[in-house]
Amino acid sequence: MVDIKRIEKRTVQYFYEDGLNEIALGLIFLLLGGYFFAQAAIPEGSPLNAMLSVLFVFVIISSGFLVSRFIRYFKRRITYPRTGYVAFKKKKPNPKRRAAVVITSGLIGASLAALYTLSPALKALFPALNGLLFAVAIFFIANKVGLVRFHVLAAASAAIGVVVTTSGVGDIKGVSLYYGLFGAAMVVSGLAALIVYLRRSPRPEAGDTEGPDAH
Amino acid sequence: MPTDLRDLAGLDRLIHEPARLVLTAILSVVESADFLYLQRETGLTKGNLSSHLAKLEEARYITIEKTYRGRVPLTLVRLTDAGAAAYKAYRTRFKKFLEQT
């Protein structure tokens, strides 16, 4: 009997099969790690540090743009010629959902800011907080698409965050170390997935990728 | 006729055929997919896949668009609203039948 649910899930997993998403996100995390490292290395109050703070918004916006460009570029060259093109459904904008995301993010941000004001020592927990927040987000994606390696990445994010915090590297340096290590973990995971994908999916011979002219 | 048998008899035969069921299941979760992807996922030969797609297209369950990405020809297949409704109805009916048996 045809297992409809499995087919639907497999189709959704196709987006992650080549590991390109992890590689792209991993590179962005490495970039953020470098950014936070620079912020920790440059003395507080210096003009360069102030400039870096202003640049943060630019880094975040350009990261999102670069990730989508990177994924699209390499999927066109690596994935689509080998295993075909799939356009996934775009989620219709849902004002209630968007509002919930904005409110939740705001509450998390405000709580962290309040905690930090009340006790600056809590800043030392930032690497663990980052690790746990990303672990939760990746865990949700892992459950949705059913890929084991995403569960491993979620666990790795939490573990790296907690280990970096307990090792007492410091707040900003700790955050930069978390982003660097977790970024490297994502790139390694993505490269491993890409190698497996390339071995399993040789490029079809020319002319073998199209339907007959009858269409 | 018992209700469960009536449910089974009322299944959309066009979708019920295994290869076409796989095709509609795939297309139900995506915006569009190309011929190569569908061929790889179904394991059908070019001819067989074309024949199944033609049947679905004839029933207006799918649309087939011949286009180009750069210089590379691309055959894009999409589930129509009618196709999506038929697939949803098939799923519901078949699930109901399985629950009753």
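Close contacts from the range A:18-31, counting a first residue that is in contact (Cβ under 8 Å) with a residue 24 or more places away in the chain and on the phi > 0 side of the Ramachandran plot and a second that is among the aliphatic types (A, V, I, L, M) and part of a helix (DSSP H, G or I), with Cβ to Cβ under 9 Å and a gap of 6+ residues or different chains, come to A:GLY19/A:LEU191; A:GLY19/A:ALA192; A:GLY19/A:ALA193; A:GLY19/A:LEU194; A:GLY19/A:ILE195; A:GLY19/A:VAL196. Within the range A:72-110, if we keep just the residues that are facing chain B (nearest Cβ under 8 Å) and within 15 Å of B:VAL72 (Cβ to Cβ), the residue that is surrounded by the most Cβ atoms within 10 Å (Cβ to Cβ) turns out to be A:THR83. State which residue is farthest from the chain's Cα centre (by Cα) when the search covers only the range A:17-42 and only residues that are away from every other protein chain (no Cβ under 14 Å) and not hydrophobic (A, V, I, L, M, F, W, C). For the range A:17-42, the residue satisfying everything is A:GLN39.
For every residue, the table says whether it meets (1) more than 13 Å from the chain's Cα centre (by Cα); (2) in contact (Cβ under 8 Å) with a residue 12 or more places away in the chain.
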{"position": "B:HIS16", "(1), (2)": "no, yes"}
{"position": "B:ASN48", "(1), (2)": "yes, yes"}
{"position": "B:HIS52", "(1), (2)": "no, yes"}
{"position": "B:TYR68", "(1), (2)": "yes, no"}
{"position": "B:THR75", "(1), (2)": "yes, yes"}
{"position": "B:THR80", "(1), (2)": "no, yes"}
{"position": "B:THR92", "(1), (2)": "yes, no"}
{"position": "B:GLU99", "(1), (2)": "yes, no"}
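Of the helices (runs of 4 or more DSSP H) lying entirely inside the range A:1-75, those carrying at least 3 residues that are more than 29 Å from A:LEU147 (Cα to Cα) and not basic (Lys, Arg) are A:20-41, A:47-74. Would it be correct to say that B:GLY43 is over 14 Å from the mean Cα position of the chain (by Cα) and at the interface with another protein chain (Cβ under 9 Å from one of its Cβ atoms)? No. Of the strands (runs of 3 or more DSSP E) entirely within chain B, those holding at least 2 residues that are surrounded by fewer than 17 Cβ atoms within 10 Å (Cβ to Cβ) occupy B:62-69, B:72-79. Being out of contact with any Phe, Trp or Tyr (no Cβ under 7 Å at 6 or more places or on another chain) and at the interface with another protein chain (Cβ under 9 Å from one of its Cβ atoms) is a property that B:ILE26 has. For the range A:82-89, the condition holds for no residue, the condition being that it is assigned to a helix (DSSP H, G or I), more than 23 Å from A:ASN21 (Cα to Cα) and modelled with pLDDT of 85 or more. Only a single item in (1) closer than 20 Å to A:LYS173 by Cβ; (2) at pLDDT 80 or above is not met by A:SER119, and it is number (2). You will find that of A:LEU66, A:LEU122, A:LEU118, the residue that is closer than 30 Å to A:THR165 by Cα and either within 14 Å of chain B (Cβ to nearest Cβ) or in contact (Cβ under 8 Å) with a residue 24 or more places away in the chain (or both) is A:LEU66 and no other.
One line per residue, one yes/no per condition, for (1) crowded, with 18+ Cβ neighbours inside 10 Å; (2) modelled with pLDDT of 95 or more; (3) not β-branched (Val, Ile, Thr):
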site: A:ILE141; (1), (2), (3): no, no, no
site: A:LYS144; (1), (2), (3): no, no, yes
site: A:THR165; (1), (2), (3): yes, no, no
site: A:GLY170; (1), (2), (3): no, no, yes
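What about B:LYS66, is it of a type in the set (Lys, Arg) and more than 8 Å from chain A (Cβ to nearest Cβ)? Taking the combined requirement at face value, the residue does not satisfy it. All told, A:GLY131 falls short of being part of a loop (DSSP other than H, G, I, E, B) and either touching a Leu at 6+ places or on another chain (Cβ under 8 Å) or not hydroxyl-bearing (Ser, Thr, Tyr) (or both). In the range B:29-86, of all residues being of a type in the set (Asp, Glu) and touching a Ser or Thr at 6+ places or on another chain (Cβ under 9 Å), the one that is nearest to A:GLN13 (Cα to Cα) corresponds to B:GLU41.
The values are calculated or read from the model by the stated rules, or taken from the named source; none is laboratory data. Because the structure is a prediction, the values reported are computed rather than measured. Methodologically, a virtual Cβ is constructed for each residue, glycine included, from the backbone with ideal geometry; neighbour enumeration extends over all protein chains shown.
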